[in-house]
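Student: Supplied in structure tokens, the structure appears directly below.
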Amino acid sequence: MNPTPALPASGEGADAFSTEHMKSANRVSVLRNEQRLSGQEPRSPSACGGIKGGSPQDASTIAHRPDFAHPNNPSSIIVIMMRKGTKILTVFPATGRDDVMSVPGQAIEGLQPGDLVYAHDGRSYPVVRVIARRYPGIMMGISHVQAPERLWLTADHLVLTARRVRQLGMGGEWFGIPSTHVDFARAMRHQATPPEAHLWKRLRRDALGVTFRRQHQIGPYIADFYCRQAGLVVEVDGKGTHSSEDAQEYDRQRDAYLAALGLRVIRFSASDVNYQTDEVIEAILHATRELVLTDDPEKQWRYASSLIVGDYVYFGVNQQMAAITDIKIEETVDEAYNLNVMGAPSLITEVCTIQTTLN
């Protein structure tokens, strides 16, 4: 067994980094389990409410201008679940100057079809419709010192953040890899366990839309599977090799080391990989949505549920950075709104930038 190396320094320390991430994830997990057991697990927002408080079938009457796409057109984008009062950066002509644009924060419930909203690519996009919702479920409130107020998001909102990854070379390679690991990793690829080989068949050749590498060297460790595009490590735990206390402690310290590098580690038992393969693939696919931006590798999308205090988020038209100072998690039944915006890859709020999803 390899000795566990010292964790790299990071902000308040690698231990604080890993512990804070686990606390946040555990709080969300506990709340979701309580809802599931009580039969109150939140429904999809699309199952509730309607257009500005009306019924869902009224949607086509809202996008009335001929230059708008129909709401069912795939070029329309929907932002899922924004709480009432959320301020969206919106473009309006400045008073008395037709050639100058001002960028006020407009409450989401006040937006109208035809209003222009900003995305992180610096462009503005037209609003197609605003849909009133009632949302029962878990919400996360994030704040930073430059934000006028806290922003509430669902756990699955993707937020644009500064990438946490450290110790990468100019070519994206990891530092601190022992020379013996190159041959060792190559041998392990040819001696994969049956569960590892089974999972590799589902991950290889960019089957999930991203590239996975197997038996990949990261510092002093070798990861079962690694996706550079999402900063993701996937491990398969065999019953015999990971059941002892020493092995579990080794895995904990190893995971803490990888988390301190800015990587996300998810583990599956060999039994789950063999007998619940589709569920395992779904969980991995969900994790791969936390993508690094191809045109700016210093930025990465992260689920609100995986944010921690100290993460840097981007806000404002000029995409300034600010460190998260506080995160709150609560169960709520809230008045909220979905926003259809034509072609927008994201929306900018007064607190951070949020990725949109296809309607």
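The values are calculated or read from the model by the stated rules, or taken from the named source; none is laboratory data. Because the structure is a prediction, the values reported are computed rather than measured. Glycine also receives a Cβ, built like all others from the backbone with ideal geometry; neighbour counts cover every protein chain displayed.
Student: Every residue in the range 303-347 that is out of contact with any Asp or Glu (no Cβ under 8 Å at 6 or more places or on another chain) and within 14 Å of Arg150 (Cα to Cα), please.
Tutor: Val313, Ala322, Thr325, Asp326, Ile327, Lys328, Ile329, Glu330
Student: Considering the range 212-239 alone, what residues qualify as being part of a loop (DSSP other than H, G, I, E, B) and in contact with a Lys or Arg (Cβ under 8 Å, 6 or more places away or on another chain)? Talk me through it step by step, then tell me what you get.
Tutor: Our first condition is that a residue be part of a loop (DSSP other than H, G, I, E, B); within the range 212-239, this holds for 212, 219-220, 231, 238-239.
Within the range 212-239, Phe212, Gly231 qualify.
Student: If I filter the range 333-355 down to residues being outside any strand (DSSP E or B) and of a type in the set (A, V, I, L, M), which single residue comes out as modelled with the lowest pLDDT?
Tutor: Filtering first and then ranking leaves Ala344.
Student: Among (1) outside the structural domain of Gln112 (by TED's automatic domain parsing); (2) over 14 Å from the mean Cα position of the chain (by Cα); (3) assigned to a strand (DSSP E or B), where does Glu330 come up short?
Tutor: Here Glu330 clears every test but (1).
Student: Any residue that is outside the structural domain of Ile78 (by TED's automatic domain parsing), within 17 Å of Asp121 (Cβ to Cβ) and assigned to a strand (DSSP E or B) - is there at least one of those in the range 281-291?
Tutor: Here is the first cut: in the range 281-291, the residues outside the structural domain of Ile78 (by TED's automatic domain parsing) are 281-291.
Next cut, within 17 Å of Asp121 (Cβ to Cβ) only: 291.
The next check asks that each one be assigned to a strand (DSSP E or B); those that pass are none.
The answer is no, given that none of the residues of the range 281-291 is outside the structural domain of Ile78 (by TED's automatic domain parsing), within 17 Å of Asp121 (Cβ to Cβ) and assigned to a strand (DSSP E or B).
Student: Step by step: first the residues of the range 312-337, then only those that are of a type outside the set (Ser, Thr, Tyr) and buried (at least 22 other Cβ atoms within 10 Å of the Cβ), then the one that is nearest to Ala283 (Cα to Cα). Which residue is that?
Tutor: Across the range 312-337, the extreme among qualifying residues is Val313.
Student: Using the structure shown, decide if Leu158 is touching a strand residue (DSSP E or B) at 6+ places or on another chain (Cβ under 8 Å) and at pLDDT 95 or above. Show your work before the answer.
Tutor: Numbers: touching a strand residue (DSSP E or B) at 6+ places or on another chain (Cβ under 8 Å): yes; at pLDDT 95 or above: yes.
Taking the combined requirement at face value, the residue satisfies it.
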